[in-house]
Amino acid sequence: MWNWLGHLRTIHHHKMLVMRGCFALGLYRQGLFHDLSKYSPTEFLVGAKYYTGSHSPNDGERRDRGYSLSWLHHKGRNKHHFEYWCDYDLENVHRMIGCRMPYRYVAEMFCDRIAASKNYQGEKYTDASPYIYYEKMIGTPLIHEKTREELEFLLRLLRDKGEKEALSYLR
């Protein structure tokens, strides 16, 4: 079912939440340009087609196609996704590894995870929600060890001390 208006509202709300978090950290440019690729036809049309309001439309596309062209497009254009920072291992060219992310993108990724959890969970959101979602991907070799440590620290700080404390730490 096509729901372009619902999808537009969802991505706009998400973008505003991330922008607010990034602005609080002084990351003005990142806040302004966050996820602009979601408005491109490659991503927006998939989002409108698979929109549910409760989870990423990319999941629906994955179920239908076996992959998500929208996600491949998105992660290749947005540096706040650790998947953007994957490259061939120089010691084993048959293996992909995660490269260390600049800290400003780790901070944006942190804001993005909070916003996505708030967007999809609504009133059920707690400061533990982003960490609980993150736990599903613990152990992936595609995130650099230092990036993983930084993100996990921030998500645990959020879970244990709250959003205000976590954002204060990043300032």
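The values are calculated or read from the model by the stated rules, or taken from the named source; none is laboratory data. Since the model is a prediction, treat every value here as computed from it, not as a measurement. Cβ sites come from the backbone with ideal geometry, for glycine too, and all protein chains shown count toward neighbours. Areas reflect the complete protein model, heavy atoms only, side chains present, ligands, DNA and RNA absent. Shrake-Rupley method; radii C 1.70, N 1.55, O 1.52, S 1.80 Å.
One table, with the values for the structure above:
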{"read-out": "Filtered residue count, the stretch 18-45, keeping only those that are in a helix (DSSP H, G or I) and open to solvent by 30 Å² or more (accessible area, probe 1.4 Å)", "value": "15"}
{"read-out": "Close pairs (6 angstrom Cβ cut-off, 6 or more residues apart or separate chains): closer than 15 Å to Arg113 by Cα in the stretch 137-158, open to solvent by 40 Å² or more (accessible area, probe 1.4 Å) and modelled with pLDDT of 95 or more anywhere", "value": "Thr147/Arg100; Leu158/Asp127"}
{"read-out": "Pairs with Cβ under 6 Å, 6+ apart, first in the stretch 54-78 and closer than 27 Å to Arg29 by Cα, second β-branched (Val, Ile, Thr) and surrounded by 16 or more Cβ atoms within 10 Å (Cβ to Cβ)", "value": "Pro57/Val46; Ser70/Val46"}
{"read-out": "Pairs with Cβ under 9 Å, 6+ apart, first in the stretch 159-171 and farther than 16 Å from Val106 by Cβ, second part of a helix (DSSP H, G or I) and open to solvent by 50 Å² or more (accessible area, probe 1.4 Å)", "value": "Arg159/Ile132; Lys161/Tyr169"}
{"read-out": "When residues of the stretch 105-143 are limited to those that are closer than 15 Å to Cys86 by Cβ and surrounded by fewer than 18 Cβ atoms within 10 Å (Cβ to Cβ), the one modelled with the highest pLDDT", "value": "Leu142"}
{"read-out": "Lone unmet requirement of (1) surrounded by 15 or more Cβ atoms within 10 Å (Cβ to Cβ); (2) of a type in the set (Phe, Trp, Tyr); (3) part of a helix (DSSP H, G or I) for Tyr51", "value": "(3)"}
{"read-out": "Residue match in the stretch 149-162 (condition: open to solvent by less than 80 Å² (accessible area, probe 1.4 Å), within 27 Å of Arg9 (Cα to Cα), modelled with pLDDT of 95 or more and out of contact with any Asp or Glu (no Cβ under 7 Å at 6 or more places or on another chain))", "value": "yes"}
{"read-out": "Which numbered condition Asp89 misses (of (1) open to solvent by less than 80 Å² (accessible area, probe 1.4 Å); (2) farther than 28 Å from Leu32 by Cβ; (3) in contact (Cβ under 8 Å) with a residue 40 or more places away in the chain)", "value": "(3)"}
{"read-out": "Scan of the stretch 1-44 for residues that are among the hydroxyl-bearing types (Ser, Thr, Tyr) and in contact (Cβ under 8 Å) with a residue 24 or more places away in the chain, ordered by number", "value": "Thr10, Ser37, Tyr39, Ser40, Thr42"}
{"read-out": "The stretch 125-136 residues that are free of Cβ contacts under 8 Å to residues at least 40 places away in the same chain, paired with ones that are open to solvent by 70 Å² or more (accessible area, probe 1.4 Å) (beta carbon under 8 Å, 6 or more apart)", "value": "Asp127/Arg159; Ala128/Arg159; Ser129/Gln121; Pro130/Arg159; Tyr131/Arg156; Tyr131/Arg159"}
{"read-out": "Test for Arg62: is it open to solvent by 60 Å² or more (accessible area, probe 1.4 Å), modelled with pLDDT of 95 or more and closer than 21 Å to Glu163 by Cβ", "value": "no"}
